[in-house]
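The values are calculated or read from the model by the stated rules, or taken from the named source; none is laboratory data. Computed from a predicted model, the values in this text were never measured in an experiment. Cβ atoms come from the backbone with ideal geometry, glycine included; neighbour counts cover every protein chain shown.
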Amino acid sequence: MKVNIVLVEPEIPQNTGNIARTCAAIGAKLHLVHPIGFSISEKAVKRAGLDYWDKLEIEEHSSLNDFLQKYSPDSRNMFFATTKGKHIYSEPDYASMDEVFVLFGKETKGLPEDLLLSHLDKTIRIPMRESLRSLNLANSVCVVVYDILRHNNFEGLEEISSYFDN
């Protein structure tokens, strides 16, 4: 299965660096949708995932509209992560999909409301207490992407460490 993590207008370089490192570790493609609040050459982004940067598949898009024109939500398995999601992130049957796209919005505002409303049935959320706003973006990406991988028995990833076999 091919996993695509899409960050729409990310604002915090450390989050993007950590997400880049996660994508490299699991073989997911990272899409960055501009405008972004920093340069990807910034020290903070590179420091968070420096030793993984050369192993990362990354694609940049000049705008959300450009991304949506290239990768149509209607013809792809595309999910929109939001605290207002209609479904819990673990509900979709990811095991039946060859490719998945998960969009995450900017840290301060999330994804545009009109986008969410036009794809309401594809919105997913991470359950949490009502009194809290949201989880950190990098943590949210990890929660969702590792569940997608779990649905697919972590295909292509190391299953058992041989570290203690000696």
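A few points about this structure:
- Hey, residue 28 farther than 21 Å from residue 109 by Cα, buried (at least 20 other Cβ atoms within 10 Å of the Cβ) and at pLDDT 90 or above or not: yes
- The residue that is surrounded by the most Cβ atoms within 10 Å (Cβ to Cβ), among those in segment 54-68 that are polar (S, T, N, Q) and touching a residue at least 24 places away in the same chain (Cβ under 8 Å), is 63.
- Residue that is surrounded by the fewest Cβ atoms within 10 Å (Cβ to Cβ) [pool: residues in segment 99-113 that are touching a residue at least 40 places away in the same chain (Cβ under 8 Å) and more than 19 Å from residue 1 (Cα to Cα)]: 108
- The residues listed here are 80, 67; of these, the one that is in contact with a strand residue (DSSP E or B) (Cβ under 7 Å, 6 or more places away or on another chain), outside any helix (DSSP H, G or I) and under 23 Å from residue 17 (Cα atoms) is 80.
- Apart from one condition, residue 146 fits all of (1) within 24 Å of residue 68 (Cβ to Cβ); (2) touching a Ser or Thr at 6+ places or on another chain (Cβ under 9 Å); (3) modelled with pLDDT of 95 or more; the exception is (1).
- If you go through segment 98-117 and pick out every residue that is within 17 Å of residue 70 (Cβ to Cβ) and part of a helix (DSSP H, G or I), you end up with 1.
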